[in-house]
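Colleague: Below are the C-alpha coordinates for one structure; questions will follow.
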(Lines give C-alpha, C1' and ligand atoms only; values in the text may rest on other atoms or scores of the structure.)
Protein backbone atom coordinates (compact mmCIF):
# COMPACT_ATOMS: atom_id res chain seq x y z
CA UNK A 1 0.00 0.00 0.00
CA UNK A 2 2.86 2.41 0.80
CA UNK A 3 4.40 1.81 -2.61
CA UNK A 4 1.05 2.35 -4.33
CA UNK A 5 0.53 5.65 -2.50
CA UNK A 6 4.06 6.82 -3.26
CA UNK A 7 3.62 5.95 -6.94
CA UNK A 8 0.28 7.73 -7.14
CA UNK A 9 1.68 10.92 -5.57
CA UNK A 10 4.77 10.86 -7.78
CA UNK A 11 2.50 10.69 -10.82
CA UNK A 12 0.57 13.70 -9.55
CA UNK A 13 3.78 15.68 -9.07
CA UNK A 14 5.07 14.69 -12.50
CA UNK A 15 1.88 15.85 -14.16
CA UNK A 16 2.03 19.11 -12.21
CA UNK A 17 5.57 19.77 -13.39
CA UNK A 18 4.55 18.97 -16.96
CA UNK A 19 1.60 21.34 -16.76
CA UNK A 20 -0.92 18.61 -17.55
CA UNK A 21 -4.49 19.74 -16.68
CA UNK A 22 -6.30 17.46 -14.28
CA UNK A 23 -9.36 18.59 -12.36
CA UNK A 24 -9.82 15.54 -10.13
CA UNK A 25 -7.20 16.40 -7.49
CA UNK A 26 -6.89 20.03 -6.35
CA UNK A 27 -4.47 20.02 -3.39
CA UNK A 28 -1.72 18.61 -5.58
CA UNK A 29 1.09 20.38 -3.73
CA UNK A 30 -0.10 19.75 -0.19
CA UNK A 31 -0.88 16.04 -0.58
CA UNK A 32 2.71 14.85 -1.19
CA UNK A 33 3.82 16.73 1.94
CA UNK A 34 1.06 15.16 4.03
CA UNK A 35 1.78 11.62 2.91
CA UNK A 36 5.54 12.00 3.14
CA UNK A 37 5.22 13.21 6.74
CA UNK A 38 3.05 10.17 7.46
CA UNK A 39 5.54 7.75 5.92
CA UNK A 40 3.14 7.06 3.04
CA UNK A 41 0.73 5.26 5.32
CA UNK A 42 -2.94 5.47 4.27
CA UNK A 43 -5.08 7.88 6.27
CA UNK A 44 -8.53 6.47 5.69
CA UNK A 45 -10.46 3.58 7.16
CA UNK A 46 -14.06 2.62 6.50
CA UNK A 47 -15.19 4.35 9.70
CA UNK A 48 -13.27 7.56 8.99
CA UNK A 49 -14.62 7.72 5.44
CA UNK A 50 -18.16 7.57 6.74
CA UNK A 51 -17.37 10.51 9.02
CA UNK A 52 -15.84 12.33 6.06
CA UNK A 53 -18.91 11.72 3.90
CA UNK A 54 -21.08 13.21 6.63
CA UNK A 55 -18.84 16.27 6.84
CA UNK A 56 -18.90 16.73 3.09
CA UNK A 57 -22.69 16.59 3.02
CA UNK A 58 -22.82 19.04 5.93
CA UNK A 59 -20.64 21.52 4.02
CA UNK A 60 -23.90 22.65 2.40
CA UNK A 61 -24.82 24.12 5.81
CA UNK A 62 -21.97 26.61 5.27
CA UNK A 63 -23.24 27.43 1.78
CA UNK A 64 -20.57 25.33 0.09
CA UNK A 65 -21.01 22.68 -2.62
CA UNK A 66 -20.42 19.10 -1.37
CA UNK A 67 -19.47 17.98 -4.89
CA UNK A 68 -16.40 20.22 -4.77
CA UNK A 69 -15.02 17.67 -2.30
CA UNK A 70 -15.70 14.53 -4.40
CA UNK A 71 -18.81 13.51 -2.47
CA UNK A 72 -20.38 11.36 -5.21
CA UNK A 73 -17.13 9.66 -6.16
CA UNK A 74 -16.17 8.95 -2.57
CA UNK A 75 -19.63 7.58 -1.87
CA UNK A 76 -19.10 5.09 -4.69
CA UNK A 77 -15.61 4.25 -3.45
CA UNK A 78 -16.58 3.88 0.23
CA UNK A 79 -16.77 0.03 0.09
CA UNK A 80 -13.15 -0.13 -1.08
CA UNK A 81 -12.00 1.17 2.31
CA UNK A 82 -13.32 -2.01 3.95
CA UNK A 83 -10.65 -4.11 2.25
CA UNK A 84 -10.36 -6.29 -0.81
CA UNK A 85 -9.62 -3.50 -3.26
CA UNK A 86 -6.52 -3.63 -5.47
CA UNK A 87 -3.64 -1.56 -4.01
CA UNK A 88 -3.57 1.00 -6.82
CA UNK A 89 -7.33 1.62 -6.62
CA UNK A 90 -7.17 1.77 -2.85
CA UNK A 91 -4.34 4.33 -3.00
CA UNK A 92 -6.26 6.46 -5.47
CA UNK A 93 -9.32 6.42 -3.20
CA UNK A 94 -7.21 7.36 -0.16
CA UNK A 95 -5.68 10.32 -2.00
CA UNK A 96 -9.10 11.43 -3.22
CA UNK A 97 -10.48 11.38 0.34
CA UNK A 98 -7.51 13.37 1.63
CA UNK A 99 -7.95 15.89 -1.16
CA UNK A 100 -11.63 16.35 -0.31
CA UNK A 101 -10.88 16.82 3.38
CA UNK A 102 -8.04 19.26 2.74
CA UNK A 103 -10.17 21.33 0.37
CA UNK A 104 -13.07 21.47 2.81
CA UNK A 105 -10.80 22.82 5.54
CA UNK A 106 -9.24 25.29 3.11
CA UNK A 107 -12.58 26.66 1.91
CA UNK A 108 -14.01 26.98 5.41
CA UNK A 109 -10.91 28.80 6.59
CA UNK A 110 -10.19 31.13 3.66
CA UNK A 111 -13.23 30.89 1.37
CA UNK A 112 -13.62 29.05 -1.92
CA UNK A 113 -13.43 32.13 -4.16
CA UNK A 114 -10.40 34.45 -4.23
CA UNK A 115 -11.95 37.90 -3.60
CA UNK A 116 -9.23 39.59 -5.67
CA UNK A 117 -10.65 37.93 -8.79
CA UNK A 118 -13.92 39.79 -8.23
CA UNK A 119 -12.90 42.99 -6.43
CA UNK A 120 -9.98 44.83 -8.05
CA UNK A 121 -9.64 47.11 -5.00
CA UNK A 122 -9.61 44.29 -2.43
CA UNK A 123 -6.71 44.78 0.02
CA UNK A 124 -7.94 42.89 3.08
CA UNK A 125 -5.32 40.62 4.59
CA UNK A 126 -6.07 36.92 4.13
CA UNK A 127 -6.87 35.05 7.31
CA UNK A 128 -3.47 34.14 8.80
CA UNK A 129 -2.40 30.53 8.37
CA UNK A 130 -0.02 29.37 11.09
CA UNK A 131 1.02 26.11 12.66
CA UNK A 132 -2.46 25.59 14.04
CA UNK A 133 -4.16 25.86 10.64
CA UNK A 134 -1.62 24.73 8.03
CA UNK A 135 -0.36 21.38 6.81
CA UNK A 136 0.65 20.34 10.35
CA UNK A 137 -2.91 20.96 11.52
CA UNK A 138 -4.38 18.87 8.68
CA UNK A 139 -1.85 16.11 9.27
CA UNK A 140 -2.69 15.93 12.95
CA UNK A 141 -6.41 15.65 12.16
CA UNK A 142 -5.75 12.88 9.63
CA UNK A 143 -3.46 10.91 11.93
CA UNK A 144 -5.68 11.18 15.01
CA UNK A 145 -8.99 10.88 13.19
CA UNK A 146 -10.29 14.10 14.76
CA UNK A 147 -11.97 15.12 11.54
CA UNK A 148 -15.07 16.76 12.92
CA UNK A 149 -13.07 18.72 15.50
CA UNK A 150 -10.80 20.05 12.75
CA UNK A 151 -13.74 21.25 10.67
CA UNK A 152 -15.22 23.04 13.68
CA UNK A 153 -11.90 24.78 14.38
CA UNK A 154 -11.39 26.21 10.89
CA UNK A 155 -14.94 27.54 10.54
CA UNK A 156 -15.06 31.30 11.39
CA UNK A 157 -15.63 31.60 15.13
CA UNK A 158 -17.89 34.63 15.05
CA UNK A 159 -21.48 35.22 16.10
CA UNK A 160 -22.32 36.77 12.71
CA UNK A 161 -21.26 33.60 10.91
CA UNK A 162 -23.18 31.36 13.31
CA UNK A 163 -26.35 33.40 12.83
CA UNK A 164 -25.93 33.40 9.06
CA UNK A 165 -25.62 29.59 9.09
CA UNK A 166 -28.81 29.44 11.14
CA UNK A 167 -30.53 31.73 8.62
CA UNK A 168 -29.43 29.45 5.79
CA UNK A 169 -30.95 26.46 7.56
CA UNK A 170 -34.16 28.41 8.16
CA UNK A 171 -34.59 29.44 4.53
CA UNK A 172 -33.66 26.02 3.22
CA UNK A 173 -36.40 24.71 5.49
CA UNK A 174 -38.83 27.18 3.91
CA UNK A 175 -37.71 26.05 0.47
CA UNK A 176 -38.31 22.41 1.39
CA UNK A 177 -41.89 23.34 2.29
CA UNK A 178 -42.44 24.97 -1.09
CA UNK A 179 -41.39 28.51 -0.30
CA UNK A 180 -44.09 31.16 -0.42
CA UNK A 181 -46.79 32.25 -2.85
CA UNK A 182 -46.26 35.16 -5.21
CA UNK A 183 -48.44 38.23 -4.79
CA UNK A 184 -50.02 38.96 -8.20
CA UNK A 185 -49.26 42.31 -9.85
CA UNK A 186 -51.82 45.06 -9.70
CA UNK A 187 -52.62 48.38 -8.11
CA UNK A 188 -51.01 49.56 -4.88
CA UNK A 189 -52.39 47.80 -1.81
CA UNK A 190 -52.91 49.84 1.34
CA UNK A 191 -54.88 50.12 4.56
CA UNK A 192 -58.64 49.81 4.35
CA UNK A 193 -58.74 48.14 0.94
CA UNK A 194 -60.38 44.86 0.06
CA UNK A 195 -58.74 43.01 -2.81
CA UNK A 196 -58.44 39.29 -3.71
CA UNK A 197 -54.63 39.79 -3.89
CA UNK A 198 -54.56 40.45 -0.14
CA UNK A 199 -55.16 36.71 0.41
CA UNK A 200 -51.86 35.95 -1.35
CA UNK A 201 -50.22 38.81 0.58
CA UNK A 202 -51.37 37.35 3.90
CA UNK A 203 -50.02 33.92 3.00
CA UNK A 204 -46.74 35.40 1.82
CA UNK A 205 -46.26 37.34 5.06
CA UNK A 206 -47.24 34.33 7.16
CA UNK A 207 -44.58 32.20 5.46
CA UNK A 208 -41.74 34.34 6.82
CA UNK A 209 -43.37 35.19 10.13
CA UNK A 210 -44.33 38.84 9.71
CA UNK A 211 -48.02 37.90 10.02
CA UNK A 212 -49.13 35.40 12.64
CA UNK A 213 -52.33 34.34 14.39
CA UNK A 214 -54.40 35.99 11.65
CA UNK A 215 -56.86 34.54 9.09
CA UNK A 216 -55.14 33.78 5.79
CA UNK A 217 -58.24 33.72 3.56
CA UNK A 218 -59.41 37.28 4.24
CA UNK A 219 -59.16 39.87 1.46
CA UNK A 220 -59.13 42.79 3.93
CA UNK A 221 -56.02 44.97 4.23
CA UNK A 222 -56.64 45.50 7.94
CA UNK A 223 -54.38 46.96 10.67
CA UNK A 224 -52.73 43.58 11.32
CA UNK A 225 -51.71 43.37 7.66
CA UNK A 226 -50.45 46.96 7.74
CA UNK A 227 -48.17 46.17 10.68
CA UNK A 228 -47.01 42.94 9.04
CA UNK A 229 -46.12 44.81 5.84
CA UNK A 230 -44.16 47.35 7.90
CA UNK A 231 -42.21 44.53 9.55
CA UNK A 232 -41.47 43.06 6.14
CA UNK A 233 -40.33 46.45 4.83
CA UNK A 234 -38.01 46.97 7.79
CA UNK A 235 -36.45 43.54 7.20
CA UNK A 236 -35.83 44.44 3.56
CA UNK A 237 -34.49 47.97 4.16
CA UNK A 238 -37.52 49.66 2.63
CA UNK A 239 -39.45 52.68 3.89
CA UNK A 240 -41.82 51.19 6.47
CA UNK A 241 -45.09 52.82 5.40
CA UNK A 242 -47.25 49.67 5.39
CA UNK A 243 -48.15 50.19 1.72
CA UNK A 244 -47.51 47.54 -0.94
CA UNK A 245 -46.31 49.58 -3.91
CA UNK A 246 -43.99 48.40 -6.69
CA UNK A 247 -40.79 48.25 -4.60
CA UNK A 248 -42.33 46.27 -1.78
CA UNK A 249 -44.14 43.97 -4.22
CA UNK A 250 -40.85 43.19 -5.96
CA UNK A 251 -39.22 42.21 -2.66
CA UNK A 252 -42.23 40.10 -1.63
CA UNK A 253 -41.94 38.15 -4.86
CA UNK A 254 -38.23 37.33 -4.65
CA UNK A 255 -38.33 33.49 -4.52
CA UNK A 256 -37.02 31.58 -1.54
CA UNK A 257 -34.25 30.01 -3.67
CA UNK A 258 -32.86 33.48 -4.34
CA UNK A 259 -32.82 34.23 -0.61
CA UNK A 260 -31.00 30.94 0.05
CA UNK A 261 -28.37 31.94 -2.52
CA UNK A 262 -28.09 35.43 -1.03
CA UNK A 263 -27.28 33.96 2.38
CA UNK A 264 -24.72 31.57 0.84
CA UNK A 265 -22.94 34.46 -0.88
CA UNK A 266 -22.61 36.40 2.34
CA UNK A 267 -21.29 33.36 4.21
CA UNK A 268 -18.50 33.32 1.61
CA UNK A 269 -17.86 37.04 2.15
CA UNK A 270 -17.72 36.31 5.88
CA UNK A 271 -15.01 33.69 5.32
CA UNK A 272 -13.00 36.32 3.46
CA UNK A 273 -13.21 39.10 5.98
CA UNK A 274 -14.66 38.37 9.43
CA UNK A 275 -11.17 37.96 10.88
CA UNK A 276 -10.71 41.70 10.22
CA UNK A 277 -13.57 42.49 12.62
CA UNK A 278 -11.66 42.63 15.90
CA UNK A 279 -12.26 43.79 19.46
CA UNK A 280 -10.50 47.08 18.70
CA UNK A 281 -12.35 50.30 17.90
CA UNK A 282 -13.43 49.96 14.31
CA UNK A 283 -15.43 51.82 11.66
CA UNK A 284 -17.33 49.57 9.27
CA UNK A 285 -18.94 50.99 6.14
CA UNK A 286 -21.63 48.68 4.76
CA UNK A 287 -22.18 49.82 1.19
CA UNK A 288 -25.13 47.57 0.34
CA UNK A 289 -26.75 48.52 3.65
CA UNK A 290 -26.13 52.26 3.09
CA UNK A 291 -24.84 52.67 6.64
CA UNK A 292 -21.70 53.21 8.68
CA UNK A 293 -21.08 51.56 12.06
CA UNK A 294 -18.72 52.40 14.89
CA UNK A 295 -17.85 49.29 16.88
CA UNK A 296 -16.19 48.91 20.28
CA UNK A 297 -15.34 45.51 21.70
CA UNK A 298 -17.24 43.76 18.91
CA UNK A 299 -20.45 45.64 19.74
CA UNK A 300 -22.09 48.29 17.58
CA UNK A 301 -21.81 51.48 19.65
CA UNK A 302 -23.14 53.86 16.99
CA UNK A 303 -24.58 53.74 13.48
CA UNK A 304 -25.75 56.18 10.85
CA UNK A 305 -27.20 56.25 7.36
CA UNK A 306 -24.89 57.04 4.46
CA UNK A 307 -25.05 57.86 0.77
CA UNK A 308 -22.63 56.00 -1.49
CA UNK A 309 -21.33 56.24 -5.05
CA UNK A 310 -23.62 55.86 -8.01
CA UNK A 311 -23.22 52.49 -9.79
CA UNK A 312 -21.01 54.12 -12.45
CA UNK A 313 -19.02 55.86 -9.67
CA UNK A 314 -19.08 52.85 -7.33
CA UNK A 315 -17.47 53.30 -3.93
CA UNK A 316 -14.54 50.86 -3.81
CA UNK A 317 -14.22 48.01 -1.31
CA UNK A 318 -11.00 48.19 0.71
CA UNK A 319 -9.59 48.77 4.18
CA UNK A 320 -7.53 51.62 5.60
CA UNK A 321 -7.04 53.62 8.82
CA UNK A 322 -8.75 56.91 9.63
CA UNK A 323 -6.00 59.36 10.54
CA UNK A 324 -7.38 62.88 9.95
CA UNK A 325 -10.52 64.90 10.61
CA UNK A 326 -11.03 68.27 8.89
CA UNK A 327 -13.65 70.71 10.21
CA UNK A 328 -15.02 73.37 7.84
CA UNK A 329 -13.29 71.77 4.86
CA UNK A 330 -12.89 73.31 1.46
CA UNK A 331 -13.69 71.07 -1.49
CA UNK A 332 -11.35 70.81 -4.44
CA UNK A 333 -13.14 69.22 -7.37
CA UNK A 334 -11.33 65.97 -8.25
CA UNK A 335 -9.53 65.99 -11.62
CA UNK A 336 -11.87 63.46 -13.19
CA UNK A 337 -15.03 65.39 -12.26
CA UNK A 338 -13.33 68.64 -13.28
CA UNK A 339 -12.55 67.33 -16.78
CA UNK A 340 -15.80 65.42 -17.36
CA UNK A 341 -18.35 67.75 -15.77
CA UNK A 342 -17.14 71.10 -14.45
CA UNK A 343 -15.12 72.45 -17.39
CA UNK A 344 -17.83 71.52 -19.94
CA UNK A 345 -20.37 73.30 -17.69
CA UNK A 346 -18.18 76.43 -17.58
CA UNK A 347 -17.86 76.39 -21.37
CA UNK A 348 -21.64 76.28 -21.68
CA UNK A 349 -22.24 78.96 -19.03
CA UNK A 350 -19.47 81.47 -18.15
CA UNK A 351 -21.40 82.31 -14.96
CA UNK A 352 -21.40 78.71 -13.74
CA UNK A 353 -18.60 79.17 -11.18
CA UNK A 354 -20.21 82.20 -9.57
CA UNK A 355 -23.61 80.47 -9.35
CA UNK A 356 -22.02 77.47 -7.62
CA UNK A 357 -19.82 79.55 -5.32
CA UNK A 358 -16.63 78.09 -6.77
CA UNK A 359 -13.21 79.73 -7.08
CA UNK A 360 -10.22 78.99 -9.31
CA UNK A 361 -6.72 78.59 -7.88
CA UNK A 362 -3.36 77.80 -9.43
CA UNK A 363 -0.80 75.21 -8.34
CA UNK A 364 0.47 77.61 -5.63
CA UNK A 365 -3.02 78.06 -4.19
CA UNK A 366 -3.38 81.61 -5.50
CA UNK A 367 -6.90 82.69 -6.49
CA UNK A 368 -7.39 83.52 -10.17
CA UNK A 369 -10.01 85.49 -12.06
CA UNK A 370 -12.09 82.84 -13.90
CA UNK A 371 -12.61 85.28 -16.77
CA UNK A 372 -8.88 85.21 -17.41
CA UNK A 373 -8.75 81.45 -17.89
CA UNK A 374 -9.10 79.99 -21.37
CA UNK A 375 -11.54 77.19 -20.54
CA UNK A 376 -11.38 75.93 -24.10
CA UNK A 377 -7.66 75.22 -23.79
CA UNK A 378 -6.20 71.86 -22.78
CA UNK A 379 -4.37 73.77 -20.03
CA UNK A 380 -7.66 74.48 -18.28
CA UNK A 381 -7.60 71.10 -16.54
CA UNK A 382 -4.32 72.13 -14.87
CA UNK A 383 -6.12 74.63 -12.65
CA UNK A 384 -7.91 73.73 -9.43
CA UNK A 385 -11.54 74.61 -8.87
CA UNK A 386 -12.36 74.89 -5.19
CA UNK A 387 -15.45 75.48 -3.08
CA UNK A 388 -14.77 77.51 0.08
CA UNK A 389 -15.80 76.20 3.49
CA UNK A 390 -19.37 76.86 4.56
CA UNK A 391 -22.73 75.27 5.13
CA UNK A 392 -23.32 74.90 1.38
CA UNK A 393 -19.97 73.23 0.79
CA UNK A 394 -20.33 69.83 -0.93
CA UNK A 395 -18.46 68.25 2.00
CA UNK A 396 -20.59 69.99 4.59
CA UNK A 397 -18.91 70.80 7.89
CA UNK A 398 -16.52 67.88 8.28
CA UNK A 399 -14.59 65.29 6.33
CA UNK A 400 -12.96 62.17 7.76
CA UNK A 401 -9.87 61.00 5.88
CA UNK A 402 -8.01 57.71 5.48
CA UNK A 403 -5.18 57.01 3.02
CA UNK A 404 -6.33 55.43 -0.25
CA UNK A 405 -5.61 55.82 -3.97
CA UNK A 406 -9.28 56.35 -4.86
CA UNK A 407 -9.74 59.87 -3.43
CA UNK A 408 -12.72 58.78 -1.33
CA UNK A 409 -13.55 59.59 2.27
CA UNK A 410 -16.42 60.01 4.72
CA UNK A 411 -17.99 63.46 4.91
CA UNK A 412 -20.96 65.64 5.74
CA UNK A 413 -23.32 66.84 3.01
CA UNK A 414 -25.87 69.63 2.51
CA UNK A 415 -28.07 67.11 0.62
CA UNK A 416 -29.81 65.91 3.78
CA UNK A 417 -33.13 65.04 2.14
CA UNK A 418 -31.51 62.18 0.21
CA UNK A 419 -31.02 60.25 3.46
CA UNK A 420 -34.77 59.61 3.47
CA UNK A 421 -34.45 57.44 0.35
CA UNK A 422 -34.13 53.67 0.86
CA UNK A 423 -31.58 53.36 -1.99
CA UNK A 424 -28.91 55.99 -1.46
CA UNK A 425 -26.37 55.69 -4.29
CA UNK A 426 -25.98 59.36 -5.23
CA UNK A 427 -22.31 60.38 -4.89
CA UNK A 428 -19.22 60.25 -7.08
CA UNK A 429 -17.71 57.61 -4.78
CA UNK A 430 -17.30 59.27 -1.41
CA UNK A 431 -19.52 58.32 1.52
CA UNK A 432 -21.84 61.03 2.81
CA UNK A 433 -22.74 60.53 6.48
CA UNK A 434 -26.07 61.53 8.01
CA UNK A 435 -24.60 62.40 11.45
CA UNK A 436 -20.93 63.05 10.65
CA UNK A 437 -20.06 65.19 13.67
CA UNK A 438 -20.96 62.31 15.98
CA UNK A 439 -18.67 60.02 14.00
CA UNK A 440 -15.87 62.61 14.11
CA UNK A 441 -16.18 62.83 17.90
CA UNK A 442 -15.91 59.05 18.20
CA UNK A 443 -12.89 58.57 15.97
CA UNK A 444 -11.05 61.49 17.61
CA UNK A 445 -11.62 59.76 20.97
CA UNK A 446 -10.40 62.75 22.95
CA UNK A 447 -13.31 63.96 25.14
CA UNK A 448 -11.33 66.74 26.77
CA UNK A 449 -10.26 68.36 23.52
CA UNK A 450 -12.94 67.16 21.13
CA UNK A 451 -16.44 66.77 22.47
CA UNK A 452 -19.81 67.89 21.10
CA UNK A 453 -19.31 71.37 22.57
CA UNK A 454 -15.80 72.02 21.27
CA UNK A 455 -16.71 70.61 17.86
CA UNK A 456 -19.71 72.97 17.68
CA UNK A 457 -17.47 75.93 18.59
CA UNK A 458 -14.98 74.97 15.89
CA UNK A 459 -17.72 74.71 13.30
CA UNK A 460 -19.16 78.07 14.38
CA UNK A 461 -15.76 79.76 14.01
CA UNK A 462 -15.90 78.91 10.31
CA UNK A 463 -12.17 78.40 9.82
CA UNK A 464 -10.77 75.23 8.35
CA UNK A 465 -9.26 73.11 11.13
CA UNK A 466 -7.29 69.92 10.48
CA UNK A 467 -6.90 67.44 13.35
CA UNK A 468 -4.60 64.42 13.26
CA UNK A 469 -5.80 61.41 15.25
CA UNK A 470 -3.58 60.34 18.11
CA UNK A 471 -4.59 56.74 17.42
CA UNK A 472 -5.72 56.02 13.85
CA UNK A 473 -8.90 53.94 13.66
CA UNK A 474 -9.25 51.02 11.23
CA UNK A 475 -11.99 51.46 8.63
CA UNK A 476 -13.39 48.54 6.64
CA UNK A 477 -15.43 49.35 3.55
CA UNK A 478 -17.45 46.19 2.97
CA UNK A 479 -20.38 44.82 1.01
CA UNK A 480 -22.99 42.66 2.74
CA UNK A 481 -26.39 41.95 1.20
CA UNK A 482 -27.81 40.29 4.32
CA UNK A 483 -27.79 41.02 8.02
CA UNK A 484 -28.60 37.90 10.06
CA UNK A 485 -28.92 39.80 13.32
CA UNK A 486 -31.70 42.25 12.56
CA UNK A 487 -34.22 42.21 15.41
CA UNK A 488 -34.28 38.43 15.58
CA UNK A 489 -34.94 38.02 11.86
CA UNK A 490 -32.60 38.04 8.89
CA UNK A 491 -32.60 41.31 6.98
CA UNK A 492 -32.12 41.29 3.22
CA UNK A 493 -30.58 44.18 1.33
CA UNK A 494 -30.56 45.00 -2.34
CA UNK A 495 -27.42 44.69 -4.47
CA UNK A 496 -26.77 48.28 -5.64
CA UNK A 497 -23.55 47.43 -7.50
CA UNK A 498 -24.60 44.07 -8.93
CA UNK A 499 -21.86 42.21 -7.06
CA UNK A 500 -23.92 39.17 -6.09
CA UNK A 501 -24.27 37.49 -9.53
CA UNK A 502 -20.51 37.27 -10.29
CA UNK A 503 -19.88 35.84 -6.83
CA UNK A 504 -22.72 33.35 -7.30
CA UNK A 505 -21.16 32.11 -10.54
CA UNK A 506 -17.74 31.74 -8.95
CA UNK A 507 -19.07 30.07 -5.81
CA UNK A 508 -20.98 27.45 -7.77
CA UNK A 509 -18.30 26.81 -10.37
CA UNK A 510 -16.79 23.33 -9.91
CA UNK A 511 -13.61 23.52 -7.87
CA UNK A 512 -11.05 23.50 -9.23
CA UNK A 513 -12.31 24.53 -12.64
CA UNK A 514 -11.10 22.38 -15.51
CA UNK A 515 -9.26 25.35 -16.99
CA UNK A 516 -7.31 26.11 -13.82
CA UNK A 517 -6.73 22.80 -12.12
CA UNK A 518 -3.56 20.79 -12.36
CA UNK A 519 -3.07 17.59 -10.38
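Colleague: Return the only residue of 190, 194, 163, 230 being surrounded by fewer than 19 Cβ atoms within 10 Å (Cβ to Cβ), within 16 Å of residue 250 (Cα to Cα) and out of contact with any helix residue (DSSP H, G or I) (no Cβ under 9 Å at 6 or more places or on another chain).
Modeller: 230
Colleague: Do we find that residue 343 is over 23 Å from residue 432 (Cα atoms) and more than 14 Å from the chain's Cα centre (by Cα) in this structure? Step through it out loud before you land on a result.
Modeller: Numbers: over 23 Å from residue 432 (Cα atoms): yes; more than 14 Å from the chain's Cα centre (by Cα): yes.
Taking the combined requirement at face value, the residue satisfies it.
Colleague: Look at residue 218 and say whether it is free of Cβ contacts under 8 Å to residues at least 24 places away in the same chain, within 21 Å of residue 178 (Cα to Cα) and assigned to a loop (DSSP other than H, G, I, E, B). So that I can check it myself, show each step before the final result.
Modeller: On the way: free of Cβ contacts under 8 Å to residues at least 24 places away in the same chain: yes; within 21 Å of residue 178 (Cα to Cα): no; assigned to a loop (DSSP other than H, G, I, E, B): yes.
Criteria not met by residue 218.
Colleague: Still on this model: For the stretch 466-482, indicate whether the set of residues that are surrounded by 20 or more Cβ atoms within 10 Å (Cβ to Cβ), assigned to a helix (DSSP H, G or I) and in contact with a strand residue (DSSP E or B) (Cβ under 8 Å, 6 or more places away or on another chain) is non-empty.
Modeller: Looking through the stretch 466-482, none of the residues is surrounded by 20 or more Cβ atoms within 10 Å (Cβ to Cβ), assigned to a helix (DSSP H, G or I) and in contact with a strand residue (DSSP E or B) (Cβ under 8 Å, 6 or more places away or on another chain).
Colleague: Residue 429 - would you say it is in contact with a helix residue (DSSP H, G or I) (Cβ under 7 Å, 6 or more places away or on another chain), outside any helix (DSSP H, G or I) and more than 17 Å from residue 304 (Cα to Cα)? Step through it out loud before you land on a result.
Modeller: On the way: in contact with a helix residue (DSSP H, G or I) (Cβ under 7 Å, 6 or more places away or on another chain): yes; outside any helix (DSSP H, G or I): yes; more than 17 Å from residue 304 (Cα to Cα): yes.
Here the answer is yes, as residue 429 does meet what is asked.
Colleague: So, one more: Taking the stated definitions as given, is residue 396 in the same structural domain as residue 320 (by TED's automatic domain parsing), in contact (Cβ under 8 Å) with a residue 40 or more places away in the chain, outside any strand (DSSP E or B) and over 23 Å from residue 497 (Cβ atoms)?
Modeller: Criteria met by residue 396.
Colleague: Does the stretch 25-55 hold any residues that are out of contact with any helix residue (DSSP H, G or I) (no Cβ under 7 Å at 6 or more places or on another chain), at pLDDT below 95 and part of a helix (DSSP H, G or I), and which are they?
Modeller: Scanning the stretch 25-55 gives a single hit, 36.
The values are calculated or read from the model by the stated rules, or taken from the named source; none is laboratory data. Quick caveat, the model's predicted, so the values are computed rather than measured. All Cβ positions, even for glycine, are placed from backbone atoms using ideal geometry, and neighbour counts span all protein chains on display.
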